Amino acid sequence: MAVKVRIPTPLQRLTQGKEEVEGVPGSVMQLVTDLDKRFPGLGERISEGGKIRRFVNIYVNEEDIRFLKAEDTEVKDGMRFPLSLQSLEECSSQQSWQRATPECTLIRRIYEKAS
């Protein structure tokens, strides 16, 4: 059995259009590393330096990993693992895209790379 990972729309281009992919059980970072091997570029958009980027929300069984063990949170067979880009909606309005906040600039780059 595998872990089910839901991929946000802006990153689905990296997963050949798939909304959901399977990953290996283990820690959150092991799962991200596994996904990056199969879908190059996905890992750098989710994490940096072994840490999940601050605008990426990851939930394990509906719990935000920030309130669990962060990147060391265990993901087991059969779990659902939704990813979301926290600020994508906030930064997607035309006014916000023009603002040069670091988060919106980074999210815009990630979105443009994946498009």
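What follows is calculated from the coordinates using simple rules that are stated; it is not laboratory data. Small disclaimer: the values here were computed from a predicted structure and weren't measured. Because the Cβ atoms are built from the backbone with ideal geometry, glycine has one as well, and the counts that use them run over all protein chains shown.
I need every pair where a residue in region 1-22 that is touching a residue at least 24 places away in the same chain (Cβ under 8 Å) has its Cβ under 6 Å from the Cβ of a residue that is aliphatic (A, V, I, L, M) and not in a strand (DSSP E or B), sequence separation at least 6 or different chains.
VAL3/MET79; PRO10/ALA114; LEU11/ALA114; ARG13/ALA114; LEU14/LEU42; LEU14/ALA114; THR15/ILE7
Quick one: which strands (runs of 3 or more DSSP E) lie wholly within region 1-79 and hold at least 2 residues that are among the hydrophobic types (A, V, I, L, M, F, W, C)? Break it down into steps so the answer makes sense when it comes.
On the way: elements: 3-6, 20-23, 56-60.
Answer list for region 1-79: 3-6, 56-60.
Could you grab me the full set of residues in region 52-71 that are farther than 14 Å from ARG6 by Cα and exposed (fewer than 12 other Cβ atoms within 10 Å of the Cβ)? Outline the logic, then answer.
At the first step, the residues of region 52-71 found to be farther than 14 Å from ARG6 by Cα are 52-55, 63-71.
GLU63, PHE67 - these are the residues of region 52-71 that are farther than 14 Å from ARG6 by Cα and exposed (fewer than 12 other Cβ atoms within 10 Å of the Cβ).
Could you list, in sequence order, all residues of region 4-36 that are farther than 15 Å from VAL75 by Cβ and out of contact with any helix residue (DSSP H, G or I) (no Cβ under 8 Å at 6 or more places or on another chain)?
Matches in region 4-36: THR9, GLN16, GLY17.
Taking the residues in region 1-32 that are of a type in the set (A, V, I, L, M, F, W, C) and over 24 Å from PHE67 (Cα atoms) as candidates, determine which candidate is nearest to the chain's Cα centre (by Cα). Spell out the reasoning first.
So the first thing to find is which residues in region 1-32 are of a type in the set (A, V, I, L, M, F, W, C), and the list is 1-3, 5, 7, 11, 14, 21, 24, 28-29, 31-32.
If we keep only those that are over 24 Å from PHE67 (Cα atoms) too, we end up with 1, 11, 14, 21.
Details: MET1: 21, LEU11: 8, LEU14: 12, VAL21: 12 Å.
Among those that are of a type in the set (A, V, I, L, M, F, W, C) and over 24 Å from PHE67 (Cα atoms), it is LEU11.
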